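Contents: one structure, followed by commentary.
The values are calculated or read from the model by the stated rules, or taken from the named source; none is laboratory data. These numbers come from a predicted model, not from an experiment. We place every Cβ from the backbone using ideal geometry, glycine too, and count neighbours over all the protein chains shown.
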């Protein structure tokens, strides 16, 4: 009964446009009335949800992305990507995907990737003959890489709410993130041959060396983060702090494009986004506690076991559920609510939680670029100055590519698990 009340109130709030965090709060209050428990539980569970040391990684990685974007890193990464892959058919489209792979290793956010890379790339792509919809579609679809290649904010959230090693999750995201990038570059190659905008620049070792010299300090940051975690020098949270210090030194004293007066607006934007995430996490943690008290995860495990105990069948069922949820709910609340509920379901049939965390991030990442909620679609429309209809007409080849990668990850789990297993 409590579960149906929760779902009814939540979807009613979504339907009338109530912000998801407030909708979750109202659904939690409704559950409290039905379950006849103390309102103090709402506060106690919420405080426990945000009182977590690993959670500090989120504001620090957000801050790193803001610093490096403002300090000129994104522009240097684009220049290096252009020298590296700009000669391939698709030209700037290939540069767009490659730049997203590099920037994703710093920001950890698909929305930040769409805004930063789109702001730099979409204009020149239009000048080179790409339609606005085509250029924006490449930008939006490649932004998904930013939440798979570490550091990844969704993977941090998954690790916190399921008590899974964030370091292992980061390592597990490397190969799938690269695989997504390669699939999107191949798709860009095919669409650029068919559509306007296939221009490319000649390859030059001189340009490659010059752009690499300008971008090397930015490219070193993901290596420092992953290398430090991989070799046990620091945890994921400590890596975030190291990354902030590194980003400040590079942007203030090496690139010299970041000034002290820029820090206050950067801190304000970081604090605002962090506050939104923490408030949502507190509410969602309370909801997860209530759902657990109502034995919802156990009921789902039993219902799934009645259908099948084959891990591939269970993963397929869970993936369908996540796709549906991702269409109507943003990634962050979906991850916080569903991860502690669905992880026991897949673990019961032998699926490693590290693997499922990466798979869940990929599936919910598709929701960021899928209407009607898809946040990155709206950001892309604003940055690219195109209509939603024009953007969606150009998105279907990239949906196919991302779906193919998702199917491959489900069919061959070793793609995700072999690197973290080797690092143990």
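The residue list 58, 117 contains one member that is assigned to a helix (DSSP H, G or I), modelled with pLDDT of 75 or more and farther than 17 Å from residue 361 by Cβ, which is 117. In the set (1) part of a helix (DSSP H, G or I); (2) touching a residue at least 24 places away in the same chain (Cβ under 8 Å); (3) over 27 Å from residue 49 (Cα atoms), residue 258 fails one condition alone, (1). Inside the stretch 2-42, residues that are free of Cβ contacts under 8 Å to residues at least 60 places away in the same chain and over 26 Å from residue 324 (Cα atoms) make up a count of 6.
Conditions first: (1) over 24 Å from the mean Cα position of the chain (by Cα); (2) in a helix (DSSP H, G or I); (3) surrounded by fewer than 19 Cβ atoms within 10 Å (Cβ to Cβ); (4) touching a residue at least 12 places away in the same chain (Cβ under 8 Å). Residue 290 passes all but one, so which condition is the exception? Status for residue 290: all satisfied but (3). Condition first: in a helix (DSSP H, G or I), within 28 Å of residue 112 (Cα to Cα), under 16 Å from the mean Cα position of the chain (by Cα) and at pLDDT 85 or above. Can you find one or more residues in the stretch 307-325 that meet it? The answer is yes, given that some residue of the stretch 307-325 is in a helix (DSSP H, G or I), within 28 Å of residue 112 (Cα to Cα), under 16 Å from the mean Cα position of the chain (by Cα) and at pLDDT 85 or above. Would you confirm, using the coordinates I've provided, whether residue 236 is touching a helix residue (DSSP H, G or I) at 6+ places or on another chain (Cβ under 6 Å), surrounded by 16 or more Cβ atoms within 10 Å (Cβ to Cβ), within 18 Å of residue 51 (Cβ to Cβ) and at pLDDT 80 or above? Criteria not met by residue 236.
Within the stretch 44-55, the set of residues being without any contact (Cβ under 8 Å) to a residue 40 or more places away in the chain and part of a helix (DSSP H, G or I) comprises just one member, 44. When you look at residue 337, is it within 25 Å of residue 393 (Cβ to Cβ) and either crowded, with 18+ Cβ neighbours inside 10 Å or out of contact with any helix residue (DSSP H, G or I) (no Cβ under 9 Å at 6 or more places or on another chain) (or both), yes or no? No: the conditions fail for residue 337.
Can you tell me which residues in the stretch 264-274 are free of Cβ contacts under 8 Å to residues at least 40 places away in the same chain and in contact with a helix residue (DSSP H, G or I) (Cβ under 9 Å, 6 or more places away or on another chain)?
Correct list: 265 only.
Among the residues of the stretch 327-334, some residue qualifies, meaning at least one is over 24 Å from residue 32 (Cβ atoms), modelled with pLDDT of 75 or more, touching a helix residue (DSSP H, G or I) at 6+ places or on another chain (Cβ under 8 Å) and assigned to a helix (DSSP H, G or I). If a residue counts only when it is surrounded by fewer than 21 Cβ atoms within 10 Å (Cβ to Cβ) and touching a residue at least 40 places away in the same chain (Cβ under 8 Å), which helices (runs of 4 or more DSSP H) contained entirely in the stretch 129-197 have at least 3 such residues? Once the helices (runs of 4 or more DSSP H) in the stretch 129-197 are filtered for at least 3 residues that are surrounded by fewer than 21 Cβ atoms within 10 Å (Cβ to Cβ) and touching a residue at least 40 places away in the same chain (Cβ under 8 Å), what remains is 174-194. Look at (1) in contact with a helix residue (DSSP H, G or I) (Cβ under 7 Å, 6 or more places away or on another chain); (2) over 19 Å from residue 6 (Cβ atoms); (3) at pLDDT below 80 and you find that residue 289 fails only one, number (2).
Considering only residues that are more than 14 Å from residue 219 (Cα to Cα) and crowded, with 24+ Cβ neighbours inside 10 Å, which ones fall in the stretch 87-103?
Hits for the stretch 87-103 are 90, 91, 92, 93, 94, 95, 96, 97.
Do the conditions hold for residue 80, that is, is it within 21 Å of residue 163 (Cα to Cα) and surrounded by 18 or more Cβ atoms within 10 Å (Cβ to Cβ)?
Here the answer is no, as residue 80 does not meet what is asked.
Taking the stretch 395-419 as the range and being assigned to a loop (DSSP other than H, G, I, E, B) and more than 21 Å from residue 116 (Cβ to Cβ) as the test, the residues that pass are 412, 413.
Among the residues that make up the stretch 248-255, is at least one of them modelled with pLDDT of 85 or more, surrounded by 20 or more Cβ atoms within 10 Å (Cβ to Cβ) and either part of a helix (DSSP H, G or I) or out of contact with any helix residue (DSSP H, G or I) (no Cβ under 6 Å at 6 or more places or on another chain) (or both)? Yes, there is a match, as at least one residue in the stretch 248-255 is modelled with pLDDT of 85 or more, surrounded by 20 or more Cβ atoms within 10 Å (Cβ to Cβ) and either part of a helix (DSSP H, G or I) or out of contact with any helix residue (DSSP H, G or I) (no Cβ under 6 Å at 6 or more places or on another chain) (or both). Go through the stretch 351-394 and give me each residue that's surrounded by fewer than 20 Cβ atoms within 10 Å (Cβ to Cβ), in a loop (DSSP other than H, G, I, E, B) and modelled with pLDDT under 90. Those that are surrounded by fewer than 20 Cβ atoms within 10 Å (Cβ to Cβ), in a loop (DSSP other than H, G, I, E, B) and modelled with pLDDT under 90: 370, 371, 372, 373, 385, 387. Take the conditions surrounded by 20 or more Cβ atoms within 10 Å (Cβ to Cβ), modelled with pLDDT under 80 and more than 30 Å from residue 206 (Cα to Cα) and apply them to residue 65. Does it pass? The answer is no for residue 65. Criterion first (surrounded by 15 or more Cβ atoms within 10 Å (Cβ to Cβ), under 20 Å from residue 279 (Cβ atoms) and out of contact with any helix residue (DSSP H, G or I) (no Cβ under 7 Å at 6 or more places or on another chain)) does residue 18 satisfy it? When the stated conditions are applied, residue 18 passes them.
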